[in-house]
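Accompanying notes for the structure given below.
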Amino acid sequence: MGLLDNFRSANHGRGSASVAKERLQILVAHDRIARGRPSYLPKLEREILDLIRKYVDVDPNAVTVSYEQDERQEFLELNILLPDQSEWYQSESR
Amino acid sequence: MIGGLGHLGLQEDLSLSRVIVITSGKGGVGKTTTSASMGMGLAQKGHRTVVIDFDVGLRNLDLVLGCERRVVYDFINVINGEAHLNQALIRDKRCNKLSVLPASQTRDKDALSVEGVGQVLEELSKDHEYIICDSPAGIEHGALMAMYYADDAVVVTNPEVSSVRDSDRMLGILASKSQRAEQNREPITEYLLLSRYSPNRVVRGEMLSVADVQEILSLKMLGVIPESQSVLNASNSGIPVILDTQSDAGQAYQDMVKRYLGEELPMRFTSDKRGMFGRLFGG
Ligand SMILES: Nc1ncnc2c1ncn2[C@@H]1O[C@H](COP(=O)(O)OP(=O)(O)O)[C@@H](O)[C@H]1O
Ligand SMILES: [Mg+2]
């Protein structure tokens with residue numbers, strides 16, 4: 001049994017440790033992005049959402065602001081998901 | 001949130017000695033074990049060293065060091081002016097270069113104030129080369145106080161997902177919430193200490209390896225402490241495990257102290273003890 005287990009883990013490299021490592025790499029990458037975000041980001045996101053909703057009835061999750069940074073510059077990306085057309089026509093026809 | 005203390009002139013005075021925080025985020029990873037052994041190790045090398053227990057309410061550094069019956073006054077008493085520092089400091093009986101400042105068992109964590117901690121550290125820095133702060137778990141007030149004045153941080157990590165993740169979070173906090181960060185000074189020097197390591201489980205692919213953890217956290221590795229019965233034996237008898245010179249964990253802590261002091265040493269106790277035969281058939 002020891003022999004078999006050993007071949008399994010050594011030869012195929014799929015012990016739970018490799019799963020742990022993959023999960024960690026993703027987790028830590030996410031954490032680090034969140035950590036690097038300027039502190040005004042959540043508030044900015046909320047205020048943009050409020051503003052959009054004055055004109056368009058979007059979902060509360062429709063606005064995302066993402067932030068990225070490299071050595072030279074910072075990027076602020078604003079994404080607004082408008083309700084899809086079919087829904088629009090429906091709500092208008094009502 | 002935490003006010004700078006530039007006006008008290010602490011920055012200059014503290015620079016005479018080195019403040020080291022032993023931290024982790026996650027609990028039970030070996031911070032107190034490490035604080036006691038690193039403190040004893042530095043003291044044995046001839047450096048005046050004090051270890052402070054910041055784990056208010058859960059004090060156990062004094063137990064690990066075997067001086068619990070000599071505690072009269074504690075850190076909070078000193079901060080509140082109820083006792084002088086030299087009344088609260090306990091001099092180790094095995095090595096007179098080592099002192100302990102115990103935590104209070106009864107008080108509230110909030111009794112640790114930035115100013116109060118700063119004043120105690122300043123006074124300690126007059127006659128100690130190393131001030132080791134044994135941090136509580138978490139990222140709450142007590143942990144922030146333990147790291148606020150740090151020059152160096154030893155991030156104790158176990159080879160498992162939640163511990164590595166919390167260590168990484170702690171790195172973010174060290175980089176933003178310390179006095180060095182607030183004053184835009186050179187950042188805290190961060191070290192990784194991997195503890196409770198089981199080489200045979202790594203070989204079986206059941207545990208993250210030294211290389212895995214180092215790749216994820218990319219910190220200077222100060223040591224790898226094996227999972228060892230000797231740690232429990234030592235803490236049962238109130239002896240820091242570094243004094244058990246026959247044990248693997250004790251020797252690993254001795255190496256760690258030497259590396260901290262600048263020696264380059266290969267890592268020991270990182271490969272499977274059993275030979276190939278044992279590995280193949282041991283299961
Ligand atoms: N290398 C090790 N091998 C075996 N047990 C350990 C090791 N390091 C710590 N322990 C045990 O783990 C528990 C938690 O250790 P402790 O140093 O109190 O952690 P923390 O201060 O981070 O909460 C204790 O029972 C201790 O004896
Ligand atoms: Mg502890």
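Here, each number is a calculation from the coordinates, and none is a lab measurement. Since this is a predicted model, take the numbers as computed values, not measurements. Neighbour counts run over all protein chains shown; Cβ positions are idealised from the backbone, glycine included.
Pair-distance distribution of the stretch B:174-229: all C-alpha pairs, bin width 10 Å, starting at 0; shares per bin in whole percent are 22, 37, 24, 14, 3. DSSP finds beta bridges in the protein assembly as shown, and of those with both partners inside it, around 25 percent are antiparallel.
Beta-bridge orientation, chain B: approximately 5 percent antiparallel, per DSSP, counting only bridges with both partners inside. Comparing B:C67, B:C133, B:C95 in a Gaussian network model of chain B, where Cα atoms under 10 Å apart are tied by springs, the biggest mean-square fluctuation is seen for B:C95.
Among B:L61, B:L16, B:L98, the largest mean-square fluctuation in a Gaussian network model of chain B (Cα springs under 10 Å) belongs to B:L16. Dividing the C-alpha radius of gyration of the stretch B:225-275 by 2.2 N^0.38 Å, with N its residue count, gives 1.18. Based solely on its DSSP helices, what 222 nm [θ] is calculated for the protein assembly as shown when runs of n ≥ 4 H residues each add -39,500 (n - 2.57) and the sum is averaged over all residues, nearest 500 deg cm²/dmol? My calculation for the protein assembly as shown gives -13000 deg cm²/dmol from helical runs alone.
Kindly provide the pair-distance distribution of the stretch B:113-190 built from C-alpha pairs, with 5 Å bins from 0 and whole-percent values in order of increasing distance. Going out from 0 Å in 5 Å bins, the stretch B:113-190 shows 3, 14, 25, 26, 19, 8, 4, 1, 0 percent.
Springs join every pair of Cα atoms under 10 Å in this Gaussian network model of chain B, and among B:T23, B:T33, B:T189 the largest mean-square fluctuation is at B:T189.
Three principal axis extents of the stretch B:89-242 based on alpha-carbon atoms, in descending order, are 50, 41, 29 Å. Working note: Debye formula, equal point scatterers on the alpha-carbon atoms of chain B, no solvent; log10 I(q)/I(0) at q = 0.15 Å⁻¹ is -1.10. Relative to the globular-protein estimate of 2.2 N^0.38 Å, the Cα radius of gyration of the stretch B:65-157 stands at 1.06. Among B:D152, B:D244, the order by Cβ neighbours within 10 angstrom, fewest to most, reads B:D152, B:D244.
Charge dipole (Cα centre; +1 on Lys/Arg Cβ, -1 on Asp/Glu Cβ; no other charges) of the protein assembly as shown amounts to roughly 1360 debye. Decide, for the stretch B:144-189, between rounded, prolate and oblate: order the square roots of the alpha carbon gyration tensor eigenvalues as a ≥ b ≥ c, take rounded if a/c falls under 1.5, and otherwise choose prolate if a/b is larger than b/c, else oblate. It is prolate, given that a/c is not under 1.5 and a/b is the larger ratio. Over the protein assembly as shown, the hull volume per residue, using the convex hull of the C-alpha atoms, is 210 Å³.
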